[in-house]
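Colleague: Before we start, here is the structure in question, set down as structure tokens.
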Amino acid sequence: MLKKFMGGGNKKPSKSDTADAVAAAGNNVVVNHASRATLPMPAPNPAGTASGQPPPSGIMEVLPAFRDVPVGERQNLFLRKLQVCCFLLNFSDTLKNVREKEIKRQTLMELVEFIQSGGCGKLSENCQEEMIRMISVNIFRCLPPASYENTGQEATDPEEEEPSMDPAWPHLQLVYELLLRYVVSSDTDTKVAKRYIDHSFVLKLLDLFDTEDPREREYLKTILHRIYGKFMVHRPFIRKAINNIFYRFIYETERHSGIGELLEILGSIINGFALPMKEEHKLFLVRALLPLHKPKSLAMYQQQLSYCITQFVEKDFKLADTVIRGLLKYWPVTNCQKEVLFLGELEEVLEATQPAEFQRCMVPLFRQISRCLNSSHFQVAERALFLWNNEHIVSLIAQNRTVILPILFRALEKNISSHWNPAVHGLTMNVRKMFLEMDAEFFEQCQKQHAEEEAKAKDVEEQRELTWKRLADAAAQNGVDDMVTD
């Protein structure tokens, strides 16, 4: 399942955020969106042209290929090619800087091939530093405003929005590929590389996960996962930084494009946690992962979140009670589609739950399942009834039938007598039959108790109606007496 995630592949400003600053210079308007991270750009490139400005036509130099120069001169040529790639070009106009764009694309391709093939062994520290600087110039940028931000467009559901594709992707992809090849290369010495791929660099990478371009998020996911695996010194920092992104998403913005990709990385990280599990990891489960069920956009990352949650329970079965109570805490009240997702995740968690942990939470759990059984939304009721198709869950229920059946009996009888959907009616009959076969004697006791409760409820209702009738009669009589007195 993890391989499937790793292979595949929002927010409004808070009150504390600075308001959008609009600066007009002639016809140019620059908007600094408060919900987007503002990333500082590196210094201008050595060629004398600022890295943020496209070069005048003819300035960008066409350099020889690596194979055409002696081995001893290749690192110097590598540095010169890095300088060429520090030029940033305007991709919003396809007819502008056509020659420079092609030169830069070819140069980036040569750099990727050079790193991948190990053209001259290990790179010097100066080459590594300049390469990371060039990569930073190209990828660390202010992201364009998301379609849901206040840019004159109507607010739309993020699930229905078309993803925004960055026009500069032909170059960005090659820059990301260069970074990936550098990180995974066996020639890369982490003791040296960590000076340039430092905490600041990692934070800027994490900021880019909010891009709307799914192609860029896929590269970022792979690169960050590789950095986590190779740079052990950065692991606690990366986990903490991802936590902070989750906290802001949950409690402030509820808007972020890359939650699913970050959860895919965490799925792999959780899978590698050593036992016994550290308290830090358990706190991460309670404070970050479980509250991620709260946002309305859960459907966009629910599959990845469910995988992470299940990994925790499979790693430490004692966490099942914590997870199930967490799901009950954030159980949706009015969103039926979210309820169906919760029931699916609940089934996965229960499959990994041991009898002792099940007994700790079964009473509140089956009270909630009872409410789901009686849901007027047939998909919710149907998904709840599907839990009885799981042999492990049926086994847990059978072991604790004397507690569970009394909780569910009223809901089952109500479905049989009055649920509008034929499929739900049929499934309810099957579940009722399963309970009868588990313990016929106890089932009859529950049936008898239910009949007594129904009779008492009917008596109470009749008594209530009689009391109201007496009050109405007394009020009418008082009205007549008042009229006579007047």
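Colleague: Compare the peptides 361-368, 300-307 by average per-residue count of other Cβ atoms within 10 angstrom and give them in order, highest first.
Modeller: Sorting 361-368, 300-307 by mean packing, highest first, produces 300-307, 361-368.
Colleague: Here's something else I'd like to know. At a 10 angstrom cut-off on C-beta neighbours, averaged per residue, how do the peptides 139-145, 206-212 rank from highest to lowest?
Modeller: Result, highest mean Cβ count within 10 Å first: 206-212, 139-145.
Colleague: If we count every other residue with Cβ under 15 angstrom of His419's Cβ, Lys/Arg +1 and Asp/Glu -1, where does the sum land?
Modeller: For residues surrounding His419, the net value is +3.
Colleague: I need the phi-derived Karplus couplings for segment 174-182: 6.51 cos²θ - 1.76 cosθ + 1.60, θ = phi - 60°, integer Hz, Gly and Pro marked x.
Modeller: 3J(HN,Hα) across segment 174-182, in whole Hz: 5, 5, 5, 5, 4, 4, 4, 5, 5.
Colleague: Now a separate question. Add +1 for every Lys or Arg and -1 for every Asp or Glu among the other residues with Cβ under 10 Å from the Cβ of Gln128, and state the total.
Modeller: It works out to a net charge of -1.
Colleague: Additional query: Could you check how much of the accessible area of segment 408-485 is carbon and sulfur, as a whole percent, using a 1.4 Å probe?
Modeller: Percent of accessible area from carbon and sulfur atoms in segment 408-485: 57.
Colleague: For Cα pairs less than 8 Å apart in space and 6+ apart in sequence, what is the mean separation divided by the residue count of segment 346-486, i.e. the relative contact order in percent?
Modeller: Relative CO of segment 346-486 lands at 21 percent.
Colleague: Which percent of Cα-Cα pairs in segment 250-333 sits in each 5 Å bin, short to long?
Modeller: 3, 14, 27, 27, 18, 9, 2, 0
Colleague: Under the 0.36 nm per residue contour assumption, what length would be gained going from the current alpha-carbon distance of Ala451 and Lys296 to full extension?
Modeller: Once the chain is fully extended between Ala451 and Lys296, it gains 51.7 nm.
Colleague: Taking the Cα atoms of segment 174-226, report the difference between the largest and smallest coordinate on each principal axis, in whole Å and largest first.
Modeller: Principal-axis extents of the Cα atoms in segment 174-226, largest first: 33, 21, 16 Å.
Colleague: Hey, what's segment 223-382 come to in accessible area per residue, 1.4 Å probe, Å²?
Modeller: Using a 1.4 Å probe on heavy atoms only, each residue of segment 223-382 averages 41 Å².
Colleague: Continuing with the same structure: Just how much of Glu279 is accessible, in Å², when a 1.4 Å probe is used and the result is rounded to the nearest 10?
Modeller: Accessible area, nearest 10 Å²: 120 Å².
Colleague: Let me ask something else. Net charge around Ser370, counting only other residues with Cβ within less than 11 Å of its Cβ (Lys, Arg = +1; Asp, Glu = -1)?
Modeller: With Lys, Arg at +1 and Asp, Glu at -1, the neighbours total +4.
Colleague: Now a separate question. Going out from 0 in 5 Å bins, what whole percent of all Cα-Cα distances in segment 205-244 drops into each bin?
Modeller: With 5 Å bins starting at 0, P(r) equals 5, 24, 30, 24, 14, 4.
Colleague: Per residue, how large is the accessible surface of segment 177-220? Use a 1.4 angstrom probe and give square angstrom.
Modeller: Per residue, segment 177-220 has 37 Å² of solvent-accessible surface.
Colleague: Apply the Karplus curve 6.51 cos²θ - 1.76 cosθ + 1.60, θ = phi - 60°, to the phi angles in segment 342-350 and return the couplings in whole Hz, x for Gly and Pro.
Modeller: 4, 5, x, 5, 4, 4, 4, 5, 5
Colleague: What order do you get for 124-130, 269-275, 174-180 when each peptide is scored by the mean count of other beta carbon atoms within 10 Å, highest first?
Modeller: Answer by packing, highest mean first, reads 174-180, 124-130, 269-275.
Colleague: I'd like the Kirkwood hydrodynamic radius of segment 91-141, using the inverse of the mean 1/r over distinct C-alpha pairs, in Å.
Modeller: 12.7 Å
Colleague: Still on this model: Need one word for segment 251-294: rounded, prolate or oblate. Basis is the Cα gyration tensor (sqrt eigenvalues a ≥ b ≥ c); a/c below 1.5 gives rounded, then a/b vs b/c decides.
Modeller: Since a/c reaches 1.5 but b/c is at least a/b, the shape of segment 251-294 is classed as oblate.
Colleague: Over all Cα pairs of segment 322-421, how is the pair count split among 10 Å bins, expressed in % and running from 0 up to the last occupied bin?
Modeller: Histogramming segment 322-421 at 10 Å steps yields 15, 52, 30, 2 percent.
Colleague: Still on this structure: Can you pull the accessible area of Tyr251 for me, 1.4 Å probe, Å² to the nearest 10?
Modeller: Using a 1.4 Å probe on the heavy atoms, I get roughly 130 Å².
The values are calculated or read from the model by the stated rules, or taken from the named source; none is laboratory data. This one's a predicted model, so the numbers in the text were calculated from it and none came from an experiment. FYI the Cβ positions are ideal-geometry reconstructions off the backbone, even for glycines, and counts take in every protein chain you see. Heavy atoms of the whole protein, side chains included, go into the accessibility calculation; ligands, DNA and RNA do not. Shrake-Rupley method; radii C 1.70, N 1.55, O 1.52, S 1.80 Å.
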